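Nothing in this text is a laboratory measurement; each read-out follows from the coordinates by a stated rule. Since the model is a prediction, treat every value here as computed from it, not as a measurement. Because the Cβ atoms are built from the backbone with ideal geometry, glycine has one as well, and the counts that use them run over all protein chains shown.
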Amino acid sequence: FQDLVTRYAWGEIWSRDGLDRRARSCVTLAAVVGSGHLESLGPHVRAALRNGLTPAEIKEVLLQSAVYCGIPAAGAAFAVARRVIQEETTPPA
């Protein structure tokens, strides 16, 4: 199953023309919030940072998601994103 997901989602879909990786990250973050699968949000926040989104842009995606996906879902997503962004942007001690 993981092989299928890797080939299809990360290979065929993410390598298509039409959207750059930053735009795909925005869509993915919103879709994860909207679907309620917040257990997978952390890796997608990390990927969004690697794809060039800033923490401020991730915040904007989550704020936009709040309007269309619901305040509770976005509130939980902010908690996940805050933790991941802190982990990713804090220099090691």
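Taking the options A73, A79, name whichever one is surrounded by 15 or more Cβ atoms within 10 Å (Cβ to Cβ) and over 25 Å from T6 (Cα atoms).
Of A73, A79, the one residue that is surrounded by 15 or more Cβ atoms within 10 Å (Cβ to Cβ) and over 25 Å from T6 (Cα atoms) is A73.
Out of the residues in the range 38-70 that are among the small types (G, A, S) and buried (at least 19 other Cβ atoms within 10 Å of the Cβ), which is nearest to R24 (Cα to Cα)?
Selected residue: A48.
Please verify whether A23 is within 11 Å of I85 (Cα to Cα) and among the hydrophobic types (A, V, I, L, M, F, W, C), treating the condition exactly as stated.
It is false that A23 is within 11 Å of I85 (Cα to Cα) and among the hydrophobic types (A, V, I, L, M, F, W, C).
Do you know which residues across the range 50-73 are more than 12 Å from the chain's Cα centre (by Cα) and touching a residue at least 24 places away in the same chain (Cβ under 8 Å)?
Listed by number, the residues that qualify are Q64, Y68, C69, A73.
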